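One structure is given below, encoded as structure tokens.
The values are calculated or read from the model by the stated rules, or taken from the named source; none is laboratory data. Computed from a predicted model, the values in this text were never measured in an experiment. All Cβ positions, glycine included, derive from the backbone under ideal geometry; neighbour counts span all protein chains shown. These area figures cover heavy atoms from the full protein model, side chains too; ligands, DNA and RNA do not enter into them. Shrake-Rupley method; radii C 1.70, N 1.55, O 1.52, S 1.80 Å.
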Amino acid sequence: MAVSVPANTVVYDMAESSARQSGLAAAAQAIKAGRLVAFPTETVYGLGANALDPAAVLGIFAAKERPADNPLIVHIPDLAAVRPLVAAIPDVLAGLAERFWPGPLTVVLPKSARVPACVTADLDTVALRVPDHPVALALLAQAGLPIAAPSANRSGRPSPTRAEHVWADLAGKVTVILDGGPAGIGVESTVLDLTAAVPTVLRPGGVAVEQLAAVLGEVRVDPRATAAADIAASAGPVRSPGMKYKHYAPLAPATLVEGEPAAVYPVLWRLAQAALPQGRVGLLLTAEGKQRLDTYGAAGEPRLVVQVTGPRDRPDIVARTVYAGLRAMDDSGVASIFMEGLPTSGLGLAIMNRLRRAAGGRIISAGEGGSGQAGGR
Ligand code: TXA
Ligand code: MG
């Protein structure tokens, strides 16, 4: 694997009109020269390189310390850019692109010979998406190349939703960071496998399964996408290699409590109280959850680190804040973390997929049989 080349990382504030032009020019130049650029998308920040240059792509894996068998998403400017990268275009693509591109939908298609093997981790398929962000689209236009880009975090850290998160993880490893402000969606794109007999969601994300079903009619969700933990090894061949990694594991053990709010809140409070003698306790809560736990006494407990994601009925707001909340937990040095589960409809499925992974199997179903029932390991 390529050695990560130290870079003198330059950050451009894309909200400033003077920095915008020079930032885009520097970023496009860096991409063409085989170097790494972190850029904003509507989902999370990406760590980009020329997708057609194997050495540049290997630089991504090195900078992130990403396992080489986890393939990358290739970002393209529009539907027309699909053609040279794939061996065949299925009929359903036009309708999907019409409805969801630019946007948080990644499609998996049979790859053409133009796509280097290191991009796809030797798979015969390639993942493609058109990001819905003016800076990402301007960069793709100016570079004139497809850009391979995973999320711009160090492997095993929460995905970055702000340029500051990218800086914290990758300063000195990327040439340019384009700061486009906070990401609008906050969780990654939906990965949809169009090579399966029935289109199959491999990773839930910014486009909800319900939205896909409205266009496709039939859509499957890979059982691993809703599973509690790393069951890839036991559940047949892995179609999306990323799913076999515990993407993000908090520094402190995290427990997810799922169920109806009335049952979840007392369990969260009981668990937090029981853990306090071992050190500070992190709580990842909705606004309602914080309100309720405050009435139990959380407000007066200085050893609690509470991160509020958003209103329970606004998964769009929760999605935007959840990764920053998890980063804050890590930064605060808590000894344990307890997280409030959400309904899995719409964007909730993507959020819960990330929280279940963060919990690594420590999942409690509150309200079933009165107490909480521990599942997983
Ligand atoms: O929103 C996003 O998708 C962000 C932004 C930057 O575009 N990117 C992102 O990339 O989340 P990454 O590398 O963190 O996740 C890519 C996911 C992984 O789960 C990977 O296994 C899957 O896409 N993937 C990539 N190529 C694939 C392929 N050929 N077949 C199946 N899954 C693939
Ligand atoms: Mg990622």
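From the square roots a ≥ b ≥ c of the eigenvalues of the alpha-carbon gyration tensor of the range 176-225, which class results: rounded (a/c under 1.5), prolate (a/b over b/c), or oblate? Taking the square roots of the gyration eigenvalues as a ≥ b ≥ c, the range 176-225 is prolate.
Here the simple spin-label model places points 7 Å from the Cα toward Cβ, and for Asp294 and Ala25 these points are separated by 5.0 nm.
With kT/(6 pi eta Rh) evaluated at 4 °C and eta = 1.567 mPa s, and Rh the Kirkwood radius from Cα pairs, the chain diffuses with a coefficient of 61 µm²/s according to Stokes-Einstein. Toward the positive end of the charge dipole of the chain, with +1 on the Cβ of Lys and Arg and -1 on the Cβ of Asp and Glu, the farthest Cα among Val322, Ala33, Gln307 is that of Ala33.
Between the alpha-carbon centres of the range 81-107 and the range 1-62 there is a gap of 24 Å. Each peptide in 34-45, 160-171, 87-98 gets a packing score, the mean of other Cβ atoms within 10 Å over its residues, and the list from highest to lowest is 34-45, 160-171, 87-98. For the range 97-186, which whole percent of the accessible surface, found with a 1.4 angstrom probe, sits on carbon and sulfur atoms? Reported share for carbon and sulfur atoms: 51 percent. Given +1 at the Cβ of Lys and Arg, -1 at the Cβ of Asp and Glu and no other charges, the dipole of the chain around its Cα centre is 680 debye to the nearest 20.
Structural descriptor for the range 251-306: relative contact order 34 percent, calculated from alpha carbon pairs under 8 angstrom and at least 6 residues apart. Protein heavy-atom accessible surface, 1.4 Å probe, per residue over the chain: 39 Å². Remind me, relative contact order of the chain in percent, using alpha carbon pairs under 8 angstrom and six or more residues apart? Averaging sequence separation for qualifying contacts and normalising by length gives 18 percent for the chain.
Given +1 at the Cβ of Lys and Arg, -1 at the Cβ of Asp and Glu and no other charges, the dipole of the range 1-96 around its Cα centre is 220 debye to the nearest 20. Among residues other than Ala19 with Cβ under 13 Å from its Cβ, the summed charge is -2 (Lys and Arg +1, Asp and Glu -1). The Stokes-Einstein estimate for the range 1-94, based on a Kirkwood radius over Cα pairs and taken at 20 °C with 1.002 mPa s viscosity, is a diffusion coefficient of 142 µm²/s.
The range 182-228 and the range 264-294 have Cα centres separated by 31 Å.
If you take all other residues with their beta carbon under 13 Å from the beta carbon of Arg280, and give Lys and Arg +1 and Asp and Glu -1, the sum is -2. The mean sequence distance of close C-alpha pairs (under 8 Å, at least 6 residues apart), as a share of the length of the range 1-115, puts its relative contact order at 20 percent. The label point for Glu210 and the one for Val198, both projected 7 Å from the Cα toward the Cβ, are 2.0 nm apart. For the range 246-376, the Kirkwood hydrodynamic radius from C-alpha pairs, put into Stokes-Einstein at 37 °C and a viscosity of 0.692 mPa s, yields a diffusion coefficient of 229 µm² per second. Taking a ≥ b ≥ c as the square roots of the Cα gyration tensor eigenvalues, the range 28-152 comes out oblate, since a/c reaches at least 1.5 and a/b does not exceed b/c. Among the lysines of the chain, pairs at least eight places apart or on separate chains and with Cα atoms under 22 Å apart come to 6.
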